[in-house]
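So the structure is just underneath, and the comments pick up after that.
The values are calculated or read from the model by the stated rules, or taken from the named source; none is laboratory data. Bear in mind that the values here come from a model prediction, so they are computed numbers and not experimental data. Every residue, glycine as well, gets a Cβ built from its backbone with ideal geometry; the counts of neighbours run over all protein chains shown. These area figures cover heavy atoms from the full protein model, side chains too; ligands, DNA and RNA do not enter into them. Shrake-Rupley method; radii C 1.70, N 1.55, O 1.52, S 1.80 Å.
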Amino acid sequence: MTPFLSLLAASCTLLGCNGTNPEADASQSLGVDHAKADNSKYLSQPLVTEIYTADPSAHVWNGKIYVYPSHDIDGPTPEDDLGSHFEMRDYRIMSMDRIGGKVTLGPVALDVKDVPWAEKQMWAPDAAYRGGTYYLYFPAKDKAGAFRIGVATSKSPTGPFKAQPEPIKGSYSIDPAVFTDDDGESYMYFGGIWGGQLQRNIGGKYDPSGSKTDLQADDKPALLPRVARMSKDMLEFAEAPRELRIVDEKGKLLRGGDHDRRFFEASWMHKYKGKYYFSYSTGDTHFLAYGIGDSPYGPFTYKGRILEPVEGWTTHHSIVQWDGRWWLFYADTQLSGQTRLRNVKVTELHYNADGTIKTINPMIRR
Ligand code: FUB
């Protein structure tokens, strides 16, 4: 553990994690006595404690760090394999001047009631910036129960955001992640299986009677995430989404039965020393995994794990460079102990000399 993270852990234990909490005692507002809990087994501590947050997409704009998370709520729907219990209805954005510093949690930046086409389940979002406008990308279920991806705009990175009246044409499934390359082109990576409905969108058309999971296809190539280049105005796809190939060291597509390595959800793209790193969650095996490639379209050769399982079922992340160092934003269920109520964290990420990523253990062994 780096000195600053031990300091962060200690200060979170003693003071709560958010020096700017507008609602006074953050831990009490969630009914969690954070000060009394045993937090020493965790590698890092929640960034905010006054609401539950997950699926953090971090970006650096104008020297500040902005984190676009899901806002978890305690809804009435029982837990199932399709994630029906993730009933989020709005987004609130975190910002900080430095990692380890004060975290400011903004007000509601977008509410499902202000998205004309969406009905429910505002899942993992991402954001992008171009030409003076910030873009918030988000998945939600439409009135027919199909996940689509929407976009909303603002002149401020923390919103409020105004949603486009329709979802992005040709979009489906969940977990958009928008990456802008050095040449200025932006790409959206997206998709998720099981509750993310990728297996119900074969050919890009939603089939509600499609399979609930990928569990019947162990010997076939695994379902693949999608990528599409964005239009110049960042509001549409500039091309039909393509499959993003994830292959083993021999160049063969990973199989559906390879649950330790196959793509499940939570796409993220970053670039390190001229190479493209596509990272994702393996879902039911709870790893964050990654592959390296030479193009934003792949193929990506599987290289290993970024994060061992956290407490909680889901794992979802982002990777960002700040102040010359690399950081992994992720989430677990430290505050609640419940799958549906997660909390966002950050820890430093390190590369080996050959460009592979050192695997992180989110639990500190005692
Ligand atoms: O937060 C709801 C869903 O759970 C996300 O969209 C997935 O990535 C998983 O974290």
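Going by what's in this entry, would K212 be described as modelled with pLDDT of 95 or more and either open to solvent by 50 Å² or more (accessible area, probe 1.4 Å) or part of a strand (DSSP E or B) (or both)?
no
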List, please: which pairs have Cβ atoms under 9 Å, are six or more places apart or on different chains, and start with a residue in the range 46-69 that is away from the ligand (no atom under 12 Å from the Cβ) and end with one that is in a loop (DSSP other than H, G, I, E, B) and of a type in the set (S, T, Y)?
Y66/T158
So Y172 passes all but one of these: (1) part of a loop (DSSP other than H, G, I, E, B); (2) more than 16 Å from the ligand (Cβ to nearest atom). Which condition number does it fail?
(2)
Considering only the range 245-280, state which residues are closer than 16 Å to F190 by Cβ and either in contact with a helix residue (DSSP H, G or I) (Cβ under 7 Å, 6 or more places away or on another chain) or open to solvent by 40 Å² or more (accessible area, probe 1.4 Å) (or both).
R245, F264, E265
Only one of (1) open to solvent by less than 10 Å² (accessible area, probe 1.4 Å); (2) in a strand (DSSP E or B); (3) closer than 15 Å to A54 by Cα fails for A128. Which number is that?
(3)
Pick out, from the range 281-363, the strands (runs of 3 or more DSSP E) lying fully within it that include 2 or more residues that are within 12 Å of the ligand (Cβ to nearest atom) and surrounded by 15 or more Cβ atoms within 10 Å (Cβ to Cβ).
325-332
Answer yes if at least one residue in the range 71-89 is touching a strand residue (DSSP E or B) at 6+ places or on another chain (Cβ under 8 Å), crowded, with 16+ Cβ neighbours inside 10 Å, among the aliphatic types (A, V, I, L, M) and in a strand (DSSP E or B), and no otherwise.
no
Any residue that is over 21 Å from the mean Cα position of the chain (by Cα) and over 23 Å from Y276 (Cβ atoms) - is there at least one of those in the range 182-190?
no
Can you find even one residue in the range 103-116 that is open to solvent by less than 10 Å² (accessible area, probe 1.4 Å) and either without any contact (Cβ under 8 Å) to a residue 12 or more places away in the chain or closer than 18 Å to H317 by Cβ (or both)?
yes
Just for the range 91-101: of the residues that are within 17 Å of the chain's Cα centre (by Cα) and away from the ligand (no atom under 13 Å from the Cβ), which one is surrounded by the fewest Cβ atoms within 10 Å (Cβ to Cβ)?
S95
